């Protein structure tokens, strides 16, 4: 396996000796672009970055054309968070939050502290059909990783381990002043043995089984125990360090286990908004509704995903001034 540094990609891999498949995500400029467009407080940026990574790891495992949307809704300081992955590689995201409530949080809040009570929904929206698929799980955990584990256990019943890390780091380039940039990384492994009876499914308390129903008390398969422990050992600094490639990380995690990598998926920050799209949307409103949108003689529209500001003439719906 070659050792090549790289950012803004997802590298699929398999370890046949342990019957697992997985993916490593490494994000640099694309993640920084998404988060810098909003200049959110650090705690909000970190949570949004983790959600972007989780959506990437989930979406790139699916063989489909379309969109995968990860959404958190809650009663906490961050009340709404949305990330959107559109094939083949487009990413965007935003958050809504109470500034005062976020400012009162500790420096490194838990998910319960920053999001409170709510749900995480994963929506699959294929291009070739009008039918959507959605899975929902409660935000009943201290980390987004734990929520993701609960989602996979309930929705897919595949033993899954996920590690996520997002951090603001100092980037140094020759001839330039050092600058702060956001970086992120993640790794996931799933146990996919040929014999399905090797999979032990643990019900989540209180679970859906009727009272008195027999529980699966078998010990987990040794191969899965080893694979999960190896993936879990990935350190935050390893996941965000630009000097540690996805390949090098896999060699460290699965040393002597003959890890095999496949073609990588590239990632980019890419919003769908445009002057034409927003003009078309405004044209669908009734005249009275558009009149109520006029402010200082123009209709102002801001894209929540990329924070781009648009201005339109209320009579002609032609753009006014420059988009910024």
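Restricting the search to region 58-86, which residues are in a loop (DSSP other than H, G, I, E, B) and touching a helix residue (DSSP H, G or I) at 6+ places or on another chain (Cβ under 8 Å)? Steps first, answer last, please.
As a first pass, look at region 58-86 and keep what is in a loop (DSSP other than H, G, I, E, B): 60-65, 75-77.
Within region 58-86, 76, 77 meet the criteria.
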Pull up region 147-167, narrow it to residues that are over 12 Å from the mean Cα position of the chain (by Cα) and closer than 19 Å to residue 43 by Cβ, then point me to the one that is surrounded by the most Cβ atoms within 10 Å (Cβ to Cβ). 147
Can you tell me which condition residue 43 does not meet? The list is (1) over 24 Å from residue 232 (Cα atoms); (2) touching a strand residue (DSSP E or B) at 6+ places or on another chain (Cβ under 9 Å); (3) in contact (Cβ under 8 Å) with a residue 40 or more places away in the chain, and all the others hold. (1)
Which numbered condition trips up residue 92, out of (1) farther than 28 Å from residue 266 by Cα; (2) surrounded by 15 or more Cβ atoms within 10 Å (Cβ to Cβ)? (1)
Any residue in region 71-84 that is modelled with pLDDT of 95 or more, under 24 Å from residue 168 (Cα atoms) and surrounded by fewer than 16 Cβ atoms within 10 Å (Cβ to Cβ)? yes
Just to be sure before I move on: is residue 50 under 23 Å from residue 244 (Cβ atoms), at pLDDT 95 or above and either part of a strand (DSSP E or B) or not assigned by TED's automatic domain parsing to the domain that holds residue 305 (or both) in the structure I sent? yes
Any idea which of (1) touching a helix residue (DSSP H, G or I) at 6+ places or on another chain (Cβ under 7 Å); (2) buried (at least 22 other Cβ atoms within 10 Å of the Cβ); (3) over 25 Å from residue 307 (Cα atoms) is the one residue 48 doesn't satisfy? (3)
Can you tell me which of (1) touching a residue at least 40 places away in the same chain (Cβ under 8 Å); (2) over 17 Å from the mean Cα position of the chain (by Cα); (3) more than 27 Å from residue 169 (Cβ to Cβ) is the one residue 88 doesn't meet? (2)
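The values are calculated or read from the model by the stated rules, or taken from the named source; none is laboratory data. What you are looking at is a predicted structure, and each value in this text was computed from that prediction instead of being measured. So basically every Cβ, Gly included, is an ideal-geometry build from the backbone, and we count neighbours across all protein chains shown.
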